[in-house]
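Q: Input: one structure, supplied below.
The values are calculated or read from the model by the stated rules, or taken from the named source; none is laboratory data. Everything numeric in this text was worked out from a predicted model, so none of it was measured. Please note: Cβ atoms are built from the backbone with ideal geometry, for glycine as well, and neighbour counts cover all protein chains shown.
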Amino acid sequence: MTSFQTISRVYAGMPTSDGAGVQLTRMIGTPELDMIDPFLMLDRMDNDDPDTYMAGFPNHPHRGFETVTIMQEGQMRHEDSVGNSGLLTPGDVQWMTAGRGIIHSEIPEMLEGRMSGFQLWVNLPSKHKMVAPKYQDIPADRIPSVVEKGCTVRVIRGQYGETKGPAESLMPVRVLDVTLKEKGTWTITPAENNTYFLCIYEGSIIAKNSEGQTQEILSPSVVMFEGEGAIQVKASASGSNILYCEGVPLNEPVARYGPFVMNTDAEIKQAVDDYNSGVLAT
Ligand code: MN
């Protein structure tokens, strides 16, 4: 008999702004939810008013981790110190390994009025923090979808059944974008000892809590589960959309300062010094 996990925690996220004043909801990387190792940060962008996002994220550095940008509506143009540039259009994903250092800009370009999507930060282990930077722009048509009875699962990174996502990462993580039909059900069994969470970003879902009662969770929310077995969620009558992330925790010390995430304070100081002296991305 299949056993099911129950809801352990629900986080509604924290409204904030970043870059040159882009309004977003920080789902992970807040005082309330610092990280879900190895996931350092998750930002939800969902803005109807171009004034709340058009200034974007002008030139800024990163070191020590990977950034994942998932575009849903609207477009984002990026350029970096390695010489890469590109335009992310709806459904596209950019998976960037900052490694020892990259300086880039991420500037929205208006399509309709709305811009929506995610930025996820995946930590790197000590041995990979100073690797050469790398980036992958993955167009929507290269991301396979698995159609099930109650839902469609876009496989961005990692394995889902027989289907493998196109994104390459130095971390063994799985990132799935799930669209549930109205009252559709989705079930997944995380690998033992992995960490995992759902971010509900459209509609709402229903899942069981530890008292055995069904609980409705509205978007946007990060949901964590506990117990043995599979995770099962059901969409409400309007359907829902979920980002699912799973990975092997690093269990390493984390020293973070803005766009730099290292293991020690000395490494953070080095990153700041390297940026200030112009050698971070050389
Ligand atoms: Mn960035």
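Q: Sort out which residues of the range 48-66 are closer than 25 Å to G113 by Cα and within 11 Å of the ligand (Cβ to nearest atom), and write them in order of number. Let's see the steps before the verdict.
A: Of the range 48-66, the ones closer than 25 Å to G113 by Cα are 48-59.
Scanning the range 48-66 gives G56, F57, P58, N59.
Q: Inside the range 202-228, can you point out the residues that are under 17 Å from L33 (Cα atoms) and either out of contact with any Ser or Thr (no Cβ under 9 Å at 6 or more places or on another chain) or of a type outside the set (D, E) (or both)? If you could, list the steps in order and put the result at the bottom.
A: Residues of the range 202-228 under 17 Å from L33 (Cα atoms): 219-226.
Scanning the range 202-228 gives S219, P220, S221, V222, V223, M224, F225.
Q: What residue, of L170, L88, is over 24 Å from V248 (Cα atoms), among the hydrophobic types (A, V, I, L, M, F, W, C) and out of contact with any Gly (no Cβ under 7 Å at 6 or more places or on another chain)? Working first, answer last.
A: Numbers: L170 fails: over 24 Å from V248 (Cα atoms).
From the options L170, L88, the qualifying one is L88.
Q: Go through the range 205-263 residue by residue and tally those that are among the basic types (K, R) and under 21 Å from the mean Cα position of the chain (by Cα).
A: Keep residues of the range 205-263 that are among the basic types (K, R), which gives 208, 234, 256.
Within this subset, residues satisfying the condition of being under 21 Å from the mean Cα position of the chain (by Cα) are 256.
So the count comes out to 1.
Q: Within the range 92-106, can one find any residue that is basic (K, R), closer than 20 Å to P220 by Cα and away from the ligand (no atom under 13 Å from the Cβ)?
A: Residues of the range 92-106 that are basic (K, R), as a first pass: 100.
The next check asks that each one be closer than 20 Å to P220 by Cα; those that pass are none.
Among the residues of the range 92-106, not one is basic (K, R), closer than 20 Å to P220 by Cα and away from the ligand (no atom under 13 Å from the Cβ), which makes the answer no.
Q: Tell me the residue from S169, S219 that is farther than 19 Å from I7 by Cα and touching a Phe, Trp or Tyr at 6+ places or on another chain (Cβ under 7 Å), please. Talk me through it step by step, then tell me what you get.
A: On the way: S219 fails: farther than 19 Å from I7 by Cα.
When all the criteria are applied, what remains is S169.
Q: If you check K149 against the conditions, is it closer than 30 Å to A235 by Cβ, charged (D, E, K, R) and in contact (Cβ under 8 Å) with a residue 24 or more places away in the chain? Spell out how you get there, then give the answer.
A: Numbers: closer than 30 Å to A235 by Cβ: yes; charged (D, E, K, R): yes; in contact (Cβ under 8 Å) with a residue 24 or more places away in the chain: yes.
Considered against the rule, which asks whether it is closer than 30 Å to A235 by Cβ, charged (D, E, K, R) and in contact (Cβ under 8 Å) with a residue 24 or more places away in the chain, K149 comes out as yes.
Q: What number of residues in the range 60-97 are in a loop (DSSP other than H, G, I, E, B) and modelled with pLDDT of 95 or more? Full working, then the answer.
A: So in the range 60-97, the residues in a loop (DSSP other than H, G, I, E, B) come out as 64, 74, 81-84, 89-92.
With the extra rule that they be modelled with pLDDT of 95 or more, the set shrinks to 64, 89-92.
Total satisfying the criteria: 5.
Q: Anything in the range 107-121 that is surrounded by fewer than 23 Cβ atoms within 10 Å (Cβ to Cβ) and either under 27 Å from D37 (Cα atoms) or away from the ligand (no atom under 15 Å from the Cβ) (or both)? List them, or say none.
A: Result: E109, M110, L111, E112, G113, R114, S116, Q119.
Q: Out of the residues in the range 128-181 that are out of contact with any Asp or Glu (no Cβ under 7 Å at 6 or more places or on another chain), of a type outside the set (D, E) and part of a helix (DSSP H, G or I), which is nearest to L87 (Cα to Cα)?
A: R142
Q: To continue, here is another question. Considering only residues that are within 12 Å of M115 (Cβ to Cβ) and hydrophobic (A, V, I, L, M, F, W, C), look in the range 71-82 and name the one that is farthest from the ligand (Cβ to nearest atom). It would help to see each step written out before you state the result.
A: Step one: filter the range 71-82 for residues within 12 Å of M115 (Cβ to Cβ), giving 71-76.
Now drop any that are not hydrophobic (A, V, I, L, M, F, W, C), which leaves 71, 76.
Numbers: M71: 14, M76: 10 Å.
So the residue we want is M71.
Q: Next up: Among the residues of the range 172-217, write down those that are at negative phi, surrounded by fewer than 18 Cβ atoms within 10 Å (Cβ to Cβ) and basic (K, R).
A: Residue satisfying the conditions is K181 alone.
Q: Additional query: Filter the range 206-258 down to residues that are basic (K, R) and modelled with pLDDT of 95 or more and give me whichever is nearest to L170 (Cα to Cα). It would help to see each step written out before you state the result.
A: Pass one, the range 206-258, residues basic (K, R): 208, 234, 256.
In the following step, the residues that additionally are modelled with pLDDT of 95 or more were identified as 234, 256.
Values: K234: 32, R256: 19 Å.
This residue is R256.
Q: Select, from T163, T185, T179, the only residue that is of a type outside the set (A, V, I, L, M, F, W, C) and without any contact (Cβ under 8 Å) to a residue 40 or more places away in the chain.
A: Values: T185 fails: without any contact (Cβ under 8 Å) to a residue 40 or more places away in the chain; T179 fails: without any contact (Cβ under 8 Å) to a residue 40 or more places away in the chain.
Matching residue, one of T163, T185, T179: T163.
Q: If I filter the range 13-47 down to residues being part of a loop (DSSP other than H, G, I, E, B) and within 16 Å of the ligand (Cβ to nearest atom), which single residue comes out as nearest to P133 (Cα to Cα)? Can you show your working first?
A: Just the residues of the range 13-47 that are part of a loop (DSSP other than H, G, I, E, B), to begin with: 13, 19-21, 29-35, 37-38.
The next check asks that each one be within 16 Å of the ligand (Cβ to nearest atom); those that pass are 19-21, 29.
Details: G19: 21, A20: 24, G21: 26, G29: 23 Å.
If we take residues in the range 13-47 being part of a loop (DSSP other than H, G, I, E, B) and within 16 Å of the ligand (Cβ to nearest atom), then G19 is nearest to P133 (Cα to Cα).
Q: Search the range 47-62 for residues that are among the aromatic types (F, W, Y) and pair each with any residue that is outside any loop (DSSP other than H, G, I, E, B) and away from the ligand (no atom under 16 Å from the Cβ) when their beta-carbon atoms are under 8 Å apart and the residues are at least 6 apart or on different chains.
A: Y53/Q23; Y53/N47
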